[in-house]
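Note sheet for the following structure.
The values are calculated or read from the model by the stated rules, or taken from the named source; none is laboratory data. No experiment lies behind these values; they were computed from the predicted model shown. Quick reminder, even Gly has a Cβ in these numbers, built from the backbone with ideal geometry, and neighbours come from all protein chains shown.
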Amino acid sequence: MRAMILAAGFGTRLQPLTHRLPKALIPVAGRPLIEYGLLFLKSHGIAEVVINLHHLGEQIRTALGDGRRYGLRITYSCEEQLLETGGGIKQAQPFLDGDTFVVLNCDTIIDLDLEALVAVHRRTRAVATLVLRPDTDAVRYGLVETDASHRIRRLRGYPPAVEGPLFPYMFTGLQVLEPRVFAFMPAEKPFSTTRELYPRMLHAGEPLFGYIHTGPWMVVDDAEGMRRATHALLSGQVRLSYVQLR
């Protein structure tokens with residue numbers, strides 16, 4: 001199974017740090033942020049990873065190289081214009097097509113049993129399984145609502161009318177996808193998965209599911225998130241199964 005790490009963004013909320021350093025290379029507890037995603041994937045047996053690049057992308061390529069020192073094979077997908085989450089995945093279709101694949105955001109640090117996640121994804125015959133978590137701040141990140149079987153019924157308020165009861169979650173940025181998602185993606189156009197792609201798939205009746213995660217998860221998208229994550233890791237408040245602290 002192959003994976004993609006989304007790393008092309010400008011990291012606006014981390015400015016002025018990201019004026020000279022891409023968000024993926026921002027240091028968290030002694031290592032570049034993107035390294036957590038790479039080590040997570042490697043620990044679950046994924047060996048081939050594609051990373052999309054835009055803002056200061058050459059710095060990421062120089063820092064990570066071909067992935068050999070992580071025990072990985074890294075391919076890069078360079079975006080002349082920022083394609084957002086959906087457009088970035090679409091451009092990487094030649095690398096990802098053909099089998100189940102994993103996508104995660106470079107600015108999140110997560111620890112879960114990826115094999116169990118993939119097993120649930122296959123058992124439900126989902127086209128997309130989004131890792132979700134209960135969070136009082138869910139609306140800020142875009143509310144995802146599921147039924148009791150964890151099938152996603154509403155995303156960011158779409159569709160407006162759904163028979164309940166529904167359960168509110170937030171999307172962690174980690175997802176398992178089938179190549180069928182490419183059939184719903186426009187070519188060579190910036191678009192968002194959560195704002196455009198998944199609502200379109202919900203309208204078409206495609207099976208989208210959530211996988212509920214209550215374990216370690218941190219987002220590093222601003223200075224406070226960077227501070228919290230560094231403290232949590234260095235203090236031992238959060239322990240990751242795939243990381244030995246330096």
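The table below gives the values:
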item: Selection count, the range 65-84, where residues are out of contact with any strand residue (DSSP E or B) (no Cβ under 6 Å at 6 or more places or on another chain) and within 13 Å of ILE5 (Cα to Cα); result: 1
item: Test: residue in the range 205-212 that is closer than 26 Å to LEU83 by Cα, in contact (Cβ under 8 Å) with a residue 40 or more places away in the chain and assigned to a loop (DSSP other than H, G, I, E, B); result: yes
item: Meets criteria (of a type in the set (Gly, Ala, Ser) and within 28 Å of THR214 (Cβ to Cβ)) for GLY98; result: no
item: Out of ARG246, ARG227, sole residue that is exposed (fewer than 13 other Cβ atoms within 10 Å of the Cβ), of a type in the set (Lys, Arg) and at pLDDT 95 or above; result: ARG227
item: Residue satisfying condition, being in contact (Cβ under 8 Å) with a residue 12 or more places away in the chain, in contact with a helix residue (DSSP H, G or I) (Cβ under 6 Å, 6 or more places away or on another chain), surrounded by fewer than 19 Cβ atoms within 10 Å (Cβ to Cβ) and farther than 30 Å from MET226 by Cβ, within set PHE191, PHE182; result: PHE182
item: One residue from GLY65, GLY30, GLY87 being free of Cβ contacts under 8 Å to residues at least 40 places away in the same chain and either surrounded by 23 or more Cβ atoms within 10 Å (Cβ to Cβ) or not hydroxyl-bearing (Ser, Thr, Tyr) (or both); result: GLY65
item: Looking only at the range 142-165, and only at residues there that are part of a loop (DSSP other than H, G, I, E, B) and at pLDDT 95 or above, the one that is nearest to ALA92 (Cα to Cα); result: HIS150
item: Extreme residue, surrounded by the most Cβ atoms within 10 Å (Cβ to Cβ), among residues of the range 127-151 that are within 20 Å of ALA204 (Cβ to Cβ) and more than 17 Å from the chain's Cα centre (by Cα); result: THR146
item: Answer from ILE26, ILE46, ILE34, ILE60 - the residue that is over 20 Å from LEU174 (Cα atoms), among the β-branched types (Val, Ile, Thr) and within 19 Å of the chain's Cα centre (by Cα); result: ILE60
